[in-house]
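Have a look at the structure below, then the notes.
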Amino acid sequence: MIVLGAPNDHLGNLSQIAEDRLACACHFYGANNDFKIICTGGFGPHFNTTDRPHYDYAKKYLTDRNVPAGAFLDCPLSANTIEDFQMTRERVLEEKPDILVVITSDFHLPRARFLYDRIIGYPRVVFLPAPSALPPEQLSPLLEHEARALQKLQERDYTG
């Protein structure tokens with residue numbers, strides 16, 4: 001299972017987006033505890049300016065909710081969705097899981113799927129959209145951003 005990173009604040013407090021994704025991962029893992037987990041996210045001015053990688057905060061969220069430390073595989077110090085998939089590609093292709101699960105926000109799913117197909121392309125994948133708990137006034141600009149970002153990738157015919 002790959003849980004895509006999301007913002008945290010300068011103190012390491014997870015954003016609503018991050019909590020939504022991690023809650024989805026926690027629920028899935030609770031019913032499928034034979035899966036291994038990769039949390040993505042290192043550092044970046046737009047999502048984590050602390051001295052610890054974002055994935056540390058993500059792993060703490062999950063372990064605080066009874067996900068064992070042994071469930072985690074190495075987590076990449078990625079800074080965006082493209083790097084999330086570039087830095088997990090080799091591991092996925094080596095492990096050849098029966099089913100790979102990718103968890104991201106519902107509003108981020110189209111762009112994540114587009115990038116996944118071009119960078120990893122492992123055929124046995126399921127995308128789980130984490131329902132966003134953001135209020136409409138915060139969700140609307142994210143939906144617009146995602147639509148623009150996906151359109152740019154499609155126009156450039158991004159191939160990873």
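The values are calculated or read from the model by the stated rules, or taken from the named source; none is laboratory data. The structure displayed is predicted, hence computed values, not measured ones. Virtual Cβ from ideal backbone geometry, glycine too; neighbours counted across all protein chains shown. With ligands, DNA and RNA removed, areas are computed over all heavy atoms of the protein, side chains included. Shrake-Rupley method; radii C 1.70, N 1.55, O 1.52, S 1.80 Å.
General observations
- Under 16 Å from the residue 77 label point (7 Å along Cα→beta-carbon), backbone N, the stretch 103-123: none
- Per residue accessible area in Å² of the chain, where ligands, DNA and RNA are left out and the probe is 1.4 Å: 52 Å²
- The protection proxy used here, the mean number of other Cβ atoms lying within 10 Å of each residue, ranks peptides 89-102, 51-64 as follows, highest first: 51-64, 89-102.
- You can think of it this way: the chain between residue 137 and residue 153 has 3.2 nm of extra reach, that is 0.36 nm per residue less the Cα-Cα gap.
- Percent carbon-and-sulfur accessible area, the stretch 52-160, ignoring ligands, DNA and RNA, probe 1.4 Å: 50 percent
- For residue 78, the amide hydrogen comes within under 5 Å of the amide hydrogens of 41, 42, counting only partners 5 or more places away or on other chains and with H modelled in the peptide plane.
- Pairs of Lys residues in the chain are counted when their Cα atoms are under 26 angstrom apart and they lie 8 or more places apart or on different chains; the count is 4.
- Computed from the C-beta positions of residue 114 and residue 144, the FRET efficiency with R₀ = 22 Å rounds to 0.85.
- Rounded to the nearest 20 debye, the dipole size of the chain about its Cα centre is 220 debye, using +1 on the Cβ of Lys and Arg and -1 on the Cβ of Asp and Glu.
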